[in-house]
Amino acid sequence: MDLITKVRSGGRLERKEAEALYDLDLFTLGELADEIRRKRYGNKSFFNINRHINPTNVCADTCKFCAYSASRKNPNRYTMSHDEILRIVENSVANGAKEVHIVSAHHPEAGVAWYMDAFRKIKARFPELHVKAMTAAEVDFLARHYGHTYDEVLDMMIESGVDSMPGGGAEIFDEKVREYLCKGKVTSDQWLEIHRKWHERGRMSNATMLFGHVESRAHRIDHMLRLRDLQDETGGFNAFIPLVYQRDNNFLRVEEFPTGQEILKTYAISRIVLDNIPHIKAYWVTATINLALIAQEFGADDLDGTIERESIQSAAGAASAHGMPLQSFVSLIKDAGFVPVERDSLYNELQVYA
Ligand code: V47
């Protein structure tokens, strides 16, 4: 059976077949991914009203791609007090936020309680608000630095009110590339183990892939296949999020950046290869809003959310520091020919903007 027929018949692709998808032209790939996306969700495109909070940029790790953590390129260290965090949450809830997405740097002196008490205080004040917090990289850091097991950190998160985990810290799983990008951080196996343990607790999470820097196409496919294997075991991933590398203010030297075509191919291929992960998120922050809107025709069914503030990727050049107003978001999705659907963090539909 040729590759296109196999994809159309819903057959699961082997590694070599998945790699060969990149040799197809963009429009064939788009058509194949769009068929899958439309079978599942029709014309709907999902988003949520959320708020990103990054409570500290003080970090024990030194990932080459990161422009956010305090370093000699970014001398402005900050760590928010719990009162500051609560004021932000209060304001966001008043603006309609249904989820807070909280990701911090790996602060070597803050202590585990600083992380956990923030979640506990948010949940005590806003029991209905979905708290999506702590990447697997943070879980690994807290465990290693403060002498806990992963199980202990994950149980503390649940006890403190964390509802789901974001997909950050995955970067690229290939060990050689990973060592070059972020030596000393959570390993690929550990990242997967932490998500496995989280899923075993009945909780959902997301998975990212940072691409468009020094990795090859084969590394991207390898990354997707490791996620597909874990998803076969646990079913705990909601969404896959290919993050396009942003190039400013960091220590990673990249010769060639991906074209729009390469980015769209990667969305489409992820939709085809990850047959067991329900949602493909075109995170508008790193794709740019225009390409994210087009990605809806290349397999993506989710654009993340309104965000309000964003510090990690905007530090590296993305136009996301102030999020996106709800009305603009809805109009842009509609103008692109899709039906915007506000969802909650677990993809229950809250409002359809027909
Ligand atoms: O893991 C850091 C990435 C991630 C850069 O789960 C960069 O719904 C691009 O994980 N260029 C954190 N990316 C953000 C994240 C995320 C974002 C949106 C939604 C979800 C979700 C998760 O940011 C890190 C890292 O891979 N990152 N620096 C950069 N220069």
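Where a number appears in this text, it was derived from the coordinates with a stated rule and is not lab data. It should be emphasised that the depicted structure is a prediction, and the values quoted were computed from it without experimental measurement. Note that each Cβ is placed from the backbone with ideal geometry, even for glycine, and that neighbours are counted across all protein chains shown.
Numbers for the structure displayed
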quantity: Long-range amide H partners of Ile102 with built H, under 5 Å; calculated: Ile53, Lys132, Ala133, Met134
quantity: Dipole of the chain, positive direction: furthest Cα of Gly30, Gln313, Tyr146, with charges on the beta-carbon; calculated: Gln313
quantity: Proximal charge balance of Ala60 [Cβ under 12 Å; K/R count +1, D/E count -1]; calculated: -2
quantity: Helical contribution to [θ] at 222 nm, DSSP H n ≥ 4, -39,500 (n - 2.57), averaged over the chain, rounded to 500; calculated: -13000 deg cm²/dmol
quantity: Cysteines (scope the chain) whose Cβ has no counterpart Cys Cβ under 4.7 Å; calculated: Cys59
quantity: Angle between the chain longest axis and helix 26-41 axis [Cα atoms, degrees, rounded to 10]; calculated: 70 degrees
quantity: Nearest 10 degrees, 0 to 90: helix 326-335 Cα axis against the chain principal axis; calculated: 0 degrees
quantity: Under 9 Å, Cβ to Cβ, from Leu181 - net charge with Lys/Arg +1 and Asp/Glu -1; calculated: +1
quantity: Additional length obtainable on full extension of the chain from Val352 to Ala218, 0.36 nm per residue less Cα span; calculated: 44.4 nm
quantity: Nearest-ten-degree value, helix 136-146 long axis tilted from longest Cα axis of the chain; calculated: 30 degrees
quantity: Arg15 versus Arg309: modelled label distance in nm, points set 7 Å from Cα along the beta carbon direction; calculated: 4.4 nm
quantity: Ranked packing of 238-247, 147-156, 216-225, 24-33, most packed first, by mean Cβ within 10 Å; calculated: 238-247, 216-225, 24-33, 147-156
quantity: Label-point separation in nm, Thr62 to Asp344, each point 7 Å along Cα→Cβ; calculated: 4.5 nm
quantity: Segment Asp25-Val254, extension gain: residue separation times 0.36 nm, minus the distance between their alpha carbons; calculated: 79.9 nm
quantity: Dipole magnitude of the range 13-343, debye to nearest 20 (Cβ charges: Lys/Arg +1, Asp/Glu -1, about Cα centre); calculated: 600 debye
quantity: Cβ charges +1 (Lys, Arg) and -1 (Asp, Glu), total dipole of the range 81-207, debye; calculated: 200 debye
quantity: Three-way shape label, the range 20-120, alpha-carbon gyration tensor, a/c 1.5; calculated: oblate
quantity: Phi-based couplings in Hz for the range 249-265 (Karplus 6.51, -1.76, 1.60; Gly and Pro marked x); calculated: 6, 10, 10, 9, 9, 10, 7, 9, 9, x, 6, x, 4, 5, 5, 5, 4
quantity: Segment Glu175-Lys334, extension gain: residue separation times 0.36 nm, minus the distance between their alpha carbons; calculated: 53.1 nm
quantity: Using a Förster distance of 22 Å, the FRET efficiency for Lys6-Glu233 (Cβ separation, nearest 0.05); calculated: 0.40
